[in-house]
Amino acid sequence: IADLAAKPRAAAVDDAASSMPKESVPQPNPAADGLPPALAHQIGRLADADEGARFEAVDELLRSKDARVLPSLLPMAKDSDTFVRRLVVEGLRDFPSRETVDALVVALADPEQIVRSSAWISLKAMTKQDLPFDASASREARQKAQAKWQEWWEKSRSAFGG
């Protein structure tokens, strides 16, 4: 998590999108876990080139509240589109798991304030912790606050359900 948080989010997204051939990007497996066809279809749309289609797919998957979609949603917290990332981190609060908290702590370093703010709100809702974080603070202040969340998480991870 520290490595992910240390790498600038925008550069990571841009680098990944431009340097990976399409076929090397992990593609979701819609047939996995016996998902209903409607959810399988939405998982397939997560790889769409159109950010609007990805946004709609994320929205449908989040509204399903089906925990089996979580492995497909988590990578979307690193999507190239700000609005997709914001929607994902906002919706992850309804999927409490260790992997979700991991993703939300990392999202506190997102380059966009709205994503950072949504990640913090989701973390507070999911963990019932009220550690301070100002999404509009200086980068240094945000890093310190994120480090406090990370420190808390390292101590609390084993006791967190799921």
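The values are calculated or read from the model by the stated rules, or taken from the named source; none is laboratory data. Quantities reported herein were computed from a predicted structural model and do not represent experimental measurements. With ideal geometry, Cβ positions are generated from the backbone for all residues, glycine too; neighbour counts draw on all protein chains shown. Please note that ligands, DNA and RNA were not included when accessible areas were found on the heavy atoms of the full protein model with its side chains. Shrake-Rupley method; radii C 1.70, N 1.55, O 1.52, S 1.80 Å.
Here are some notes:
- Search result, residues across the stretch 133-152 that are of a type in the set (S, T, N, Q) and part of a loop (DSSP other than H, G, I, E, B): SER136, SER138
- Pick from the stretch 18-43, criterion within 18 Å of the chain's Cα centre (by Cα) and modelled with pLDDT of 95 or more, ranking: surrounded by the fewest Cβ atoms within 10 Å (Cβ to Cβ): ILE43
- Residue ID - surrounded by the most Cβ atoms within 10 Å (Cβ to Cβ), chosen from residues in the stretch 92-107 that are within 20 Å of GLU151 (Cα to Cα) and of a type in the set (Asp, Glu): ASP102
- Answer from VAL84, VAL88 - the residue that is surrounded by 15 or more Cβ atoms within 10 Å (Cβ to Cβ) and in contact with a Phe, Trp or Tyr (Cβ under 6 Å, 6 or more places away or on another chain): VAL84
- Pairs where the first residue, in the stretch 133-158, is closer than 14 Å to TRP120 by Cβ and of a type in the set (Phe, Trp, Tyr) and the second is in a helix (DSSP H, G or I) and open to solvent by 30 Å² or more (accessible area, probe 1.4 Å), C-beta under 7 Å, 6+ apart: PHE133/TRP120
- For the stretch 53-62, the condition holds for no residue, the condition being that it is under 17 Å from GLN150 (Cβ atoms), surrounded by fewer than 16 Cβ atoms within 10 Å (Cβ to Cβ) and of a type outside the set (S, T, N, Q).
- Residue match in the stretch 62-81 (condition: among the polar types (S, T, N, Q), closer than 20 Å to TRP153 by Cβ and part of a helix (DSSP H, G or I)): no
- PHE133 more than 28 Å from GLU51 (Cα to Cα), modelled with pLDDT under 95 and either within 13 Å of the chain's Cα centre (by Cα) or among the aromatic types (Phe, Trp, Tyr) (or both): no
- Neighbours by Cβ (under 7 Å, 6+ apart or cross-chain): first from the stretch 107-128, farther than 15 Å from PHE83 by Cα; second surrounded by 15 or more Cβ atoms within 10 Å (Cβ to Cβ) and of a type in the set (Asp, Glu): SER122/GLU90
- Unique match (being part of a loop (DSSP other than H, G, I, E, B) and surrounded by 15 or more Cβ atoms within 10 Å (Cβ to Cβ)) among ASP130, ASP110: ASP110
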